[in-house]
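The values are calculated or read from the model by the stated rules, or taken from the named source; none is laboratory data. Every value quoted in this text rests on a predicted model; they were computed, and no experiment measured them. Here the Cβ positions follow ideal geometry from the backbone for every residue, glycine too, while neighbour counts run over all protein chains shown. Surface areas here come from the heavy atoms of the whole protein model, side chains and all, with no ligands, DNA or RNA. Shrake-Rupley method; radii C 1.70, N 1.55, O 1.52, S 1.80 Å.
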Amino acid sequence: MARYKKCPNGHSYPADRSECPICNSGKQVGASTENEMVTQIIRGLDADDAGSKTTVGGEAAPITTPNVDPHRDYSKTMVEDEIEEENESGVVTSRRESRAASRLVGWLVTYSLDPNGTDFRLYEGRNIIGKDFSCGVCINDSKVSSQHAILLYRNEKFRIKDNLSTNGTIVNGVDIDDESVVLNDGDVIQIGETILLFRTAELTQ
């Protein structure tokens, strides 16, 4: 699991590096240049997770990485809708579009990703937890599947279900397999090597 630390200028970078790659680039950077450098660091971490390059016919095959939006904070919850559109020729295309979030109903809090803590907001409806950047709760953990689990809030209840992940989902020390489990305030969820504390906002209403 990747660990991070911050330099005096507030840049996050992998803990196994002795110096901040942004500060020690030898040049003053603006916001756009810094975003590009952060993107390169993220892609470098993805390459480390994937291991060494595969050679085909003596040449190194390129490693493909997901598209990274330098303007998005991947430690925060993002809500998207999939929208289908039909043009005049009858061709249907789909796209993802960010939307205003539904009612806030809870949080997932973890200290596994950052020693200072990270929190993810939970909203009414489905909250997808996984490593894929399209997930509402995006977790950078090599043992977390792309779409690892589904946390649902409906009819005043929270339920979580493993989404056929590789390493399973554990709630309060019990592997839930393919069952849908009701969550209560204070329950502890583990996916991959990430420990998440579930807190509900309903208690304050």
- prompt: Within region 153-186, which residues are under 20 Å from residue 106 (Cα atoms) and open to solvent by less than 40 Å² (accessible area, probe 1.4 Å)?
  reply: 153, 158, 160, 162, 169, 171, 181, 183, 186
message: Restricting to region 115-145, give me the number of residues that are over 28 Å from residue 6 (Cβ atoms) and either in contact with a helix residue (DSSP H, G or I) (Cβ under 6 Å, 6 or more places away or on another chain) or among the hydroxyl-bearing types (Ser, Thr, Tyr) (or both).
response: 2
field: Of residues in region 130-152 being of a type in the set (Val, Ile, Thr) and farther than 16 Å from residue 104 by Cα, the one nearest to the chain's Cα centre (by Cα)
entry: 139
query: Residues of region 187-205 being under 19 Å from residue 110 (Cα atoms), assigned to a loop (DSSP other than H, G, I, E, B) and open to solvent by 60 Å² or more (accessible area, probe 1.4 Å), which ones?
result: 193
- request: Output the residues belonging to region 128-167 that are among the hydrophobic types (A, V, I, L, M, F, W, C) and in a loop (DSSP other than H, G, I, E, B).
  value: 133, 135, 139, 144, 164
task: Those residues that are without any contact (Cβ under 8 Å) to a residue 24 or more places away in the chain and part of a strand (DSSP E or B), I need them from region 102-127; list them, please.
output: 119
- request: Mind listing just one residue for me: the one in region 124-134 that is of a type outside the set (Lys, Arg) and closer than 13 Å to residue 192 by Cβ and, of those, surrounded by the fewest Cβ atoms within 10 Å (Cβ to Cβ)?
  value: 130
